[in-house]
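Just so it is clear, none of the values below were taken in a lab; they were calculated from the coordinates. Remember, it's a predicted structure, so these values are computed and weren't measured experimentally. In this analysis, Cβ positions are derived from the backbone assuming ideal geometry, glycine residues included, and neighbour counts consider all displayed protein chains.
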Amino acid sequence: MKCRVCREPAVIDIRRHNANFCSEHFLRLCRDQVARAIKDFEMFEPGARLLVAVSGGKDSLAVWDILRELGYDADGLYIGLGIGEYSDESGRTTRAFAEQRGWPLQIIDLREAYDYDVPTAAKVTKRVPCSACGLSKRHLFDQAAVEGGYDAVVTGHNLDDEAAVLFGNTLRWQTDYLARQLPVLPARSGFPRKVKPLVRLGEREMVAYCVLRGIDYIVEECPMAAGNKHLGYKEALNAIEAQSPGSKQAFYFGFLDRAQAHFAAAAPTAERSDAVELTTCSSCGGPSSGEICAFCFLVRRTAGAQPVALTVKGSS
Amino acid sequence: MKVHLRNPSRTLDVPGPVSIVALLQRLELNRETVLVIRSGTLVPGDAVLEDADEVEIRPVISGGAT
Ligand code: SF4
Ligand SMILES: [Zn+2]
Ligand SMILES: [Zn+2]
């Protein structure tokens, strides 16, 4: 196996590109793919100030690293979700990563700052943990970005994540979601711009990037993720990909090129995210569709509730 | 050779020599969903592992729903 660029021994094969790469040229490929996504989707300008949502996982640490390598001014924000050992470990990993490099990292711990955590919120609201978790993360990243004057919130969603979400939305023809599934969401009334610079890179490439760059990320999964639909979609897509390399990329980018605009045009105005009437949350001052926003409502319901003792440990 | 696997974490003893492709086939793993790591770096797909090797098979799929 030889590197496509320099003919030296390769360390990784990427079947959808029908090519192998040595370490140096693979890392360059990753940076080039991110640079291309930023340009193609007009994610942000060269001098932009970026806030990266970091979890300690491969994708968020890698995207932070790549953006810095590309010369962007990117800070990190980590949210302590209170999910037992998984959160302890991911917090340690993220702090160590930022400290070693001297990069600014802001930390918000849900229990310390708002007196609740994700498992407790899930119990009180009787919803799946990912629901309270996603709501909390979205709100806190949005708020931090707006208050900190950042040009965009960066998340580590990669090609596999986006293809899996698309697969789920298509399976159930969730046309309102299809209308909004884009790698860039523009800023609007109180919400920051949101971008996904890793959409041109697969999950396997992100792990390879971290290994080759010596990035120590948390390999253990969040215990709450076990058995969710999203994982099932990824498995199904990977079975197809193994038979027919390039399928995931063709599926996702074909959607962006040829289908997304039709869904956006057909979406009833009331359902379009930019058309919802918003007021200001009387509690946090953020955008809200009611008197207080969904996050503040969650905090009111769950703060101070008897914390849930986690029986599941870090590995799932 | 020693093969470390995750989720759940376990170690298998597999006789070498064996190519990466054959090893993954034997373990019924999809090549799209794992990477093989030896002494902190990636092992290419056409490499042959010897009896004395120690490798980790790292899953690459993560499952956050948001
Ligand atoms: S899997 Fe669910 S609960 Fe765990 S971090 Fe992701 S969104 Fe939160
Ligand atoms: Zn090379
Ligand atoms: Zn609020």
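Which of A:M43, A:M224, A:M206 moves the most in a Gaussian network model of chain A with Cα springs under 10 Å? Result: A:M224 has the largest fluctuation of those listed.
Contact order, relative form, for chain A: 22 percent (alpha carbon pairs under 8 Å, 6 or more residues apart, mean separation divided by residue count).
Comparing A:L159, A:L140, A:L256 in a Gaussian network model of chain A (Cα springs below 10 Å), the most mobile by mean-square fluctuation is A:L256. The residues neighbouring A:G285, those whose beta-carbon lies less than 15 Å from its own, together hold a net charge of -3 under the Lys/Arg +1, Asp/Glu -1 convention. Residue separation of A:Q100 and A:E85 scaled by 0.36 nm, minus their Cα-Cα distance, works out to 3.2 nm of gained length. Structural descriptor for the stretch B:2-59: relative contact order 46 percent, calculated from alpha carbon pairs under 8 angstrom and at least 6 residues apart.
Computed over the stretch B:2-59, the P(r) tail beyond 17 angstrom holds 25 percent of alpha carbon pairs. Spacing of the modelled spin labels on A:A113 and A:Q306, each 7 Å from Cα toward Cβ, amounts to 2.8 nm. When you filter the trypsin sites (Lys or Arg not before Pro) in the stretch A:88-134 for DSSP loop state and at most 10 other Cβ atoms inside 10 Å of their Cβ, you are left with A:K126. Where the alpha-carbon atoms of the stretch A:20-156 are placed on the principal axes, they occupy 48, 32, 28 Å, in descending order. In this structure the amide hydrogen of A:S55, modeled in the peptide plane, comes within under 5 Å of the amide hydrogens of A:S60, A:L61, none closer than 5 places in sequence on its chain. Looking at the square roots a ≥ b ≥ c of the eigenvalues of the Cα gyration tensor of the protein assembly as shown, which shape do they give, rounded for a/c under 1.5, prolate if a/b is larger than b/c, or oblate? Prolate, since a/c reaches 1.5 and a/b exceeds b/c. Evaluating 6.51 cos²θ - 1.76 cosθ + 1.60 at θ = phi - 60° for every residue in the stretch A:223-239, the Karplus couplings come out as x, 6, 7, 3, x, 6, 4, 3, 5, x, 5, 4, 4, 4, 5, 5, 5 Hz, glycine and proline recorded as x. So which of A:K123/A:K234; A:K248/B:K2; A:K126/A:K248 end up more than 29 Å apart by C-alpha? Violating the 29 Å Cα-Cα cut-off are A:K248/B:K2; A:K126/A:K248. Comparing mean-square fluctuations of A:A187, A:A225, A:A242 from a GNM of chain A with C-alpha springs under 10 Å, the top value falls on A:A242.
Sequentially through the stretch A:291-297, phi angles give Karplus couplings (6.51, -1.76, 1.60; θ = phi - 60°) of 5, 10, 7, 4, 5, 5, 5 Hz, Gly and Pro residues having no value and appearing as x. Between the Cα long axis of helix A:247-258 and the first principal axis of chain A there is an angle of about 70°, rounded to the nearest 10. The slack in the chain from A:R127 to A:V5, taken as 0.36 nm per residue of separation less the alpha-carbon distance, amounts to 38.9 nm.
For the pair A:A19 and B:E50, a Förster radius of 30 Å applied to the C-beta separation gives a FRET efficiency near 0.65, rounded to the nearest 0.05.
With both labels modelled 7 Å from their Cα along Cα-to-Cβ, the B:S9 to A:A261 distance reads 5.1 nm. Net charge of the neighbourhood of A:R101, taken over other residues with C-beta under 15 Å away and scored Lys/Arg +1, Asp/Glu -1, is -3. Between A:E277 and A:N228, the modelled labels are 3.3 nm apart [label points 7 Å from Cα along Cα→Cβ].
If both residues of a DSSP beta bridge must be in the protein assembly as shown, then about 50% of such bridges are antiparallel. Between the helical axis of A:203-213 and the longest alpha-carbon principal axis of chain A there is an angle of about 80 degrees.
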